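Working notes, beginning with the structure itself.
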Amino acid sequence: MAPDLLAILCCPETKQEVCLLESAVVERLNQRISKGELKAKGGQPVTEKIDGGLLRKDKTVAYPIRDQIPIMLIEEGILVEESDLSPA
């Protein structure tokens, strides 16, 4: 993702800064998506794998990136657990 785009993006709900998810975290989230374990803020299960993500500063929500497009919709935010972010 272009650094200038990342610099202007923020969480649409709280206006907190966001940062790119590390590839290992994306891999863990995709494993949980495959198992049907992840929910979005809107309450629906996350069924489509992500290419990347933007993690909110409080580290509780990640906005998916699919086909190089960040999906910055509140209801599409993925609820992230601390174990998703911890080194394996």
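The values are calculated or read from the model by the stated rules, or taken from the named source; none is laboratory data. Source: prediction; values computed, not measured. Here the Cβ is made from the backbone with ideal geometry for all residues, glycine too, and neighbour counts use every protein chain on show.
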Conditions (1) in contact (Cβ under 8 Å) with a residue 40 or more places away in the chain; (2) in contact with a strand residue (DSSP E or B) (Cβ under 9 Å, 6 or more places away or on another chain): number failed by Ala24 = (2)
State all residues of the range 45-73 that are in contact with a strand residue (DSSP E or B) (Cβ under 9 Å, 6 or more places away or on another chain), aliphatic (A, V, I, L, M) and farther than 14 Å from Val26 by Cα; if no residue qualifies, say none.
-> Ile71, Met72, Leu73
Would a scan of the range 70-79 turn up a residue that is free of Cβ contacts under 8 Å to residues at least 60 places away in the same chain, exposed (fewer than 14 other Cβ atoms within 10 Å of the Cβ) and on the phi < 0 side of the Ramachandran plot?
-> yes
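Which of the following residues is in contact with an Asp or Glu (Cβ under 6 Å, 6 or more places away or on another chain) and either exposed (fewer than 11 other Cβ atoms within 10 Å of the Cβ) or not basic (Lys, Arg) (or both): Ala40, Ala62? Steps first, answer last, please.
Working: Ala62 fails: in contact with an Asp or Glu (Cβ under 6 Å, 6 or more places away or on another chain).
After ruling out the rest, the residue left standing is Ala40.
Name the residue that is modelled with the highest pLDDT, counting only residues in the range 1-24 that are of a type in the set (Val, Ile, Thr) and farther than 12 Å from Ile65 by Cβ.
Initial filter on the range 1-24 (of a type in the set (Val, Ile, Thr)): 8, 14, 18.
Subsequent filtering for residues that are farther than 12 Å from Ile65 by Cβ retains 8, 14.
Details: Ile8: 93, Thr14: 97.
The extreme case among them is Thr14.
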